[in-house]
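Participant: One structure is given below, represented as structure tokens, and several questions about it will come after.
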Amino acid sequence: MSLARTFLVAVFVLLAQLVGAASVDAAIGYSSLVKDILKPVSYWRLGETSGATTAVDEMGNHDASYVASPTLGVPGLIDGDPDTAVRVDGSTQYVDAGSPAGLEFGGALSVTAWIQPDALPTGEGSFPGIAVVASQWYQSTAHDRFLFALREGGNLGIVVEDNAAPGASSSLGTATMSPGERHFVAFTWVDGSPGTAKLYFDGDLDPFSSVGANRPNTIDTATSAHFRIGGQFSGYPANRAFEGIIDEVTVFDRELSPVEIRQLYTGIVPEPGSLGVWGLVGGVAVVWGMRRRRSARA
């Protein structure tokens, strides 16, 4: 993101906080924020109705498949938004976007989602409790890989591995959630020496309570590994599947800034004409007003 665009987003957030307007049309506002302002590689709202087999990518790039008939049409996790969400069973159900070239990431990566677990994961034998929010990890193929998950203690976790230096690095966040609670969660990665991973919990940076050894320098997911939502791959307990509701999943080929992460959580979005704030987006002058969705904890 350019310096000018970053500054503009920060100004909008500040103005919206000062105005403090409550959302009256989050359905239009939130999806516009994601699609028109932040512009992810893919954005799955997961709002299909019962009987659908395809999870539409709102960016028009990578439609995904609903595997094993998860429950569609459950109430979504954004206040005031009639768009629905998907409930997966913690066993065989997940969403599979396949392995198209457009979902091969290198250099930087961000994943965000709204989740509401029905239960926390439990370990099985030597395997820890892991409920995958999103992953690109296929054990039988040599490749860099990641998984972003809810762990058995209710905290977030990431596992990353560089195929050039095998040895998974597992790190845990500090904040925790309980079954039945809805939360906005995010994971970002930037290559480095070593690479930099960050977790976000309800819009705030979630400090690591533990950081795994072997943190790789890069995650280059140019591989046949599928991008999956709510599951990992066969061979681990129950595919390390998530049990509960997942909504509004995005993936970016860049690191989202803390301002952008906070923006996704609060739902502060540009809306034509309500406040009369002039700005430039992509070199085009527009008038935007600000609108805020209530916190997920409200």
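Quick note: the coordinates plus some simple rules give every number you see, no bench work behind them. Note that the structure is predicted; figures quoted are calculated from it, not measured. Backbone-built Cβ (ideal geometry, glycine too); neighbour counts: all protein chains shown.
Participant: How much net charge surrounds F242 when only other residues with a Cβ under 13 Å from its Cβ are counted (Lys, Arg +1; Asp, Glu -1)?
Facilitator: Around F242, the surrounding residues sum to -1.
Participant: Neighbouring Cβ atoms within 10 Å as the yardstick, rank E152, E255 fewest first.
Facilitator: By the 10 Å Cβ count, ascending, the order reads E152, E255.
Participant: So for the pair S210, S91, with labels modelled 7 Å out along Cα→Cβ, what separation do we get in nm?
Facilitator: Reported label-point gap for S210 and S91 is 3.0 nm.
Participant: Ok, one more. How far is the Cα center of region 91-113 from the Cα center of region 28-52, in Å?
Facilitator: Each part reduced to its Cα centre gives a spacing of 15 Å.
Participant: Assuming 0.36 nm per residue, please report the length gained on full extension of the stretch S50 to S257 beyond their Cα-Cα distance.
Facilitator: 71.0 nm
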